[in-house]
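Participant: Have a look at this one before I ask anything.
The values are calculated or read from the model by the stated rules, or taken from the named source; none is laboratory data. Quick caveat: nothing in here was measured; it's all calculated off a predicted structure. Because the Cβ atoms are built from the backbone with ideal geometry, glycine has one as well, and the counts that use them run over all protein chains shown. Protein only, heavy atoms only, side chains kept; ligands, DNA and RNA dropped before computing areas. Shrake-Rupley method; radii C 1.70, N 1.55, O 1.52, S 1.80 Å.
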Amino acid sequence: GFVGGKLLETKAFRLHFLTHSIGAFDEKATFHYLLDGEKLKRVETCMEGMFVNVFDNESVSMVDVTSDDVVDAFIQETHEKYKQELNDISNDVVGFFTDEPQYCSLGGSPFPTKIGSYFQEKYGEDVLENLGLLFAQKKGYEKFRYRFYKGCQEFFLQNFAKKLYHWHSDNGLQLTGHYVEE
């Protein structure tokens, strides 16, 4: 899914994933959430207390297949190039096999590039205000996690699975393969 590393050359195409620690305010973390009673409270300055410290990690080996831009570039650099090289691709190729596409299996939670705009448009919320709920069972965590992972899955289905399916269908080819966990 990263075209032998070519897609990874574009930093914006790289997969982002979240990890966390619980403890004192960690200045190295990207986001900080004070564990305060029933709720989490996002804070940006160092203070005393127990925190969910969330780290935004960038993969150097995986691209974000939930991104329409990444998938468009993938199709352009692979499938379209095969199509250009072969006079009638459907006479020469039966189909393509996709092997274990995934949007996160690096020991963290996925963090799609467009999850912020998704939350704003769909729920009128800033996803960053509650991101710590991915890692702490505080008030509202079930609802937040459901919405967050539903968004990740919608991106994966719309931008990866459906785009590849339609490209193959439009070109008279079959698509097969298997996913990892998604």
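Participant: I'm trying to understand the selection: among the residues of segment 87-106, which are open to solvent by 50 Å² or more (accessible area, probe 1.4 Å), part of a loop (DSSP other than H, G, I, E, B) and more than 16 Å from Tyr179 (Cβ to Cβ)?
Facilitator: Listed by number, the residues that qualify are Asn87, Asp88, Val94.
Participant: Among the numbered conditions (1) at pLDDT 95 or above; (2) on the phi > 0 side of the Ramachandran plot, tell me where Ala29 comes up short.
Facilitator: Condition (2) is where Ala29 drops out.
Participant: With in contact with a Gly (Cβ under 9 Å, 6 or more places away or on another chain), at negative phi and not acidic (Asp, Glu) as the only criterion, which of Phe156, Phe97 stands out? Let's see the steps before the verdict.
Facilitator: Details: Phe156 fails: in contact with a Gly (Cβ under 9 Å, 6 or more places away or on another chain).
Of Phe156, Phe97, the one residue that is in contact with a Gly (Cβ under 9 Å, 6 or more places away or on another chain), at negative phi and not acidic (Asp, Glu) is Phe97.
Participant: Considering Leu164, Leu128, which residue is of a type outside the set (S, T, N, Q), out of contact with any Pro (no Cβ under 8 Å at 6 or more places or on another chain) and open to solvent by less than 20 Å² (accessible area, probe 1.4 Å)? Don't jump to the end; show me each part of the working.
Facilitator: Working: Leu128 fails: open to solvent by less than 20 Å² (accessible area, probe 1.4 Å).
Every option except Leu164 fails the conditions.
Participant: Is it the case that some residue within segment 76-96 is charged (D, E, K, R), under 17 Å from the mean Cα position of the chain (by Cα) and farther than 22 Å from Lys39 by Cβ? Even if it seems obvious, please write down each step before you answer.
Facilitator: Applying the first criterion (charged (D, E, K, R)) to segment 76-96 yields 77, 80-81, 83, 85, 88, 92.
Those left that are additionally under 17 Å from the mean Cα position of the chain (by Cα): none.
No, the conditions are met nowhere in segment 76-96.
Participant: Quick check on my filter: what residues within segment 134-179 are outside any helix (DSSP H, G or I), farther than 27 Å from Leu40 by Cα and among the small types (Gly, Ala, Ser)?
Facilitator: The first filter runs over segment 134-179 and keeps only residues outside any helix (DSSP H, G or I), leaving 135-140, 171-179.
Those left that are additionally farther than 27 Å from Leu40 by Cα: 171-179.
Gly172, Gly177, listed by residue number.
Participant: Can you tell me which residue within segment 1-54, out of those that are under 15 Å from the mean Cα position of the chain (by Cα) and free of Cβ contacts under 8 Å to residues at least 60 places away in the same chain, is most open to solvent (accessible area, probe 1.4 Å)?
Facilitator: Restricting to residues being under 15 Å from the mean Cα position of the chain (by Cα) and free of Cβ contacts under 8 Å to residues at least 60 places away in the same chain, the top hit is Lys11.
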